[in-house]
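S.K.: Structure in structure tokens, see below.
The values are calculated or read from the model by the stated rules, or taken from the named source; none is laboratory data. Source: prediction; values computed, not measured. A quick note on method: Cβ atoms are made from the backbone with ideal geometry, for glycine too, and the neighbour counts reach across all protein chains shown. Calculation scope for accessible area: heavy atoms of the full protein, side chains included, ligands and nucleic acids excluded. Shrake-Rupley method; radii C 1.70, N 1.55, O 1.52, S 1.80 Å.
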Amino acid sequence: MIASNNIARTISLPVIDNHAAGQDEIPMTPNEIAAALTGRPYLSFSQVSTFQACPLKWYFTYVLKAPPESVHAGMLLGSVIHAAIQAHTESQLVEQPVALDGMMEIAYLTWDREAAKAPVQYSSGDTAESLAATARQMLETWLESPDSRVQGQIVSVEDLIYAPVAADLPDLAIKMDRMHLEEDLTGKSLIITDYKTARSMWKVNTAQEHAEQLMLYGFACTDIAEQLEARLKLQFVILTKAKTPKVEAIEITPSVPRMHRSIQVVRQVFHAMQNLIVYPVPSQMNCCTCPHQRRCDRWSPENGFE
Ligand code: SF4
């Protein structure tokens, strides 16, 4: 439970202490604890991974709900690619696939919406125009790839599900980019796809390092797969931002022990969140896209924001 430690005092957070409840009082449920912390009665994978990368960034984003000081153009590019692919996949449901120009319209709308939130921070050599050209090349390459033509039945596109993964944890909010059903001579497969944009093509090791996300998604969807009498398949589809973009699917084998390990990691992270164990983890990878860099400079564990 949240301890009244130095950090909790300096950042004036709500103190959640089930142990302090009187004997007649009903302890808070995990969803209620999550809501008291962040205003959301659930945990999302994005919260968990943000906390793992930098607990202070999680605190700024989800507890303080601090507005971004800037938006990194590379993150924006990832958002526009996701939105354009989502529009194309949804349009397949009504058998009227959106063409490249329609996808670019979605991309521009998404860019404008996200860029209105804070000044855009560009990496050296990038401009809005150069990134629009990159997005067009990436989407063109994706449209030519087998991934753009789903063989089988699309079950969901970017649907949010709240999975009760363990009695002592809040529901896990999961937004899968795409879930679809395929059938061949060996039977049915329920395929969960997560899209990633990257500078260069992931190696298998890189995919394994990110596998925790898909293991949690797989854990949350095990019942759905059983109901559909389908085996579960998990995959990342990587789109590179290189001059000549590439698209490649990398499959991650579902593993029950790894799924349970991932739940255990979430449990530890949630425990640390409740105790407000927040601290900065400065690194090139974490900080260059962080929307709280100036806020972070002003923060100290003793004094909060002096
Ligand atoms: S600037 Fe870096 S260390 Fe500071 S909150 Fe952001 S990611 Fe964490």
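S.K.: Give me the compactness ratio for the range 71-123, meaning the Cα radius of gyration over 2.2 N^0.38 Å.
M.R.: Details: Rg = 12.2 Å, N = 53, 2.2 N^0.38 = 9.9 Å.
That ratio works out to 1.23.
S.K.: For a quick check: with amide H placed at 1.01 Å from N, whose amide H comes under 5 Å from Val120's, ignoring anything fewer than 5 positions away on the same chain?
M.R.: For Val120, whose amide H was placed from the backbone, the distant partners under 5 Å are Val71.
S.K.: Next question. Can you work out the PRE-style zone for Ala132? Point 7 Å along Cα to Cβ, and I want the residues of the range 59-84 with backbone N under 20 Å.
M.R.: Under cut-off, by backbone N: 71-84.
S.K.: Here's something else I'd like to know. What are the extents of the Cα atoms of the chain along their three principal axes, listed from largest to smallest and rounded to whole Å?
M.R.: For the chain, the Cα spread along each principal axis is 60, 50, 34 Å.
S.K.: Let me ask something else. Heavy-atom accessible area per residue, the chain, 1.4 Å probe: how many Å²? Display every interim value, and only then the final one.
M.R.: Details: 15900 Å² over 306 residues.
Spelled out: the 1.4 Å probe surface of the chain, per residue, equals 52 Å².
S.K.: Modelling each spin label as a point 7 Å along the Cα-to-Cβ direction, I'd like the Ala115/Met75 distance in nm, to one decimal.
M.R.: 1.7 nm
S.K.: If amide hydrogens are placed 1.01 Å from N in the peptide plane, which non-local residues have theirs closer than 5 Å to the one on Arg231?
M.R.: Correct list: Lys188, Ser189, Leu190.
S.K.: Let me ask something additional. Would you kindly give the portion of the calculated P(r) for the range 258-306 that falls above 18 Å, as a percent of all Cα pairs? Could you put the intermediate results ahead of the total?
M.R.: On the way: 606 of 1176 pairs.
Taking all Cα-Cα pairs of the range 258-306, the fraction more than 18 Å apart is 52 percent.
S.K.: Of all accessible surface on the chain at a 1.4 Å probe, what whole percent is carbon and sulfur?
M.R.: 53 percent
S.K.: Continuing with this model, one more query. Could you sort 56-66, 238-248, 170-180 so that the peptide with the highest average Cβ count within 10 Å comes first and the rest follow in order?
M.R.: So the order, starting with the most tightly packed, is 170-180, 56-66, 238-248.
S.K.: Under the rule of -39500 (n - 2.57) per DSSP H run of 4 or more residues, summed and divided by the residues of the chain, what mean residue ellipticity at 222 nm is obtained, to the nearest 500 deg cm²/dmol?
M.R.: Calculated from helices alone, the mean residue ellipticity at 222 nm is -13000 deg cm²/dmol.
S.K.: Relative to a virtual label point 7 Å from the Cα of Arg231 in the Cα→beta-carbon direction, which members of the range 181-203 show backbone nitrogen distances below 18 Å?
M.R.: 181-193
S.K.: Run through the DSSP bridge list for the chain and note the antiparallel percent, rounded to the nearest 5.
M.R.: Here the share of antiparallel DSSP bridges comes out near 60 percent.
S.K.: Given R₀ = 30 Å, what would the calculated FRET efficiency be for Ser145 paired with Ala272, taking r from the Cβ atoms and rounding to 0.05?
M.R.: My answer for the efficiency is 0.15.
S.K.: What distance in nm separates the two pseudo spin-label positions at Lys246 and Leu93, each 7 Å out from Cα along the beta-carbon direction?
M.R.: That separation, rounded to one decimal, is 3.3 nm.
S.K.: To continue, here is another question. Taking the Cα centre of the chain as the origin and placing charges on Cβ (Lys, Arg +1; Asp, Glu -1), which of Val165, Ile26, Leu139 is farthest toward the positive end of the dipole?
M.R.: Positive-most Cα among the choices belongs to Leu139.
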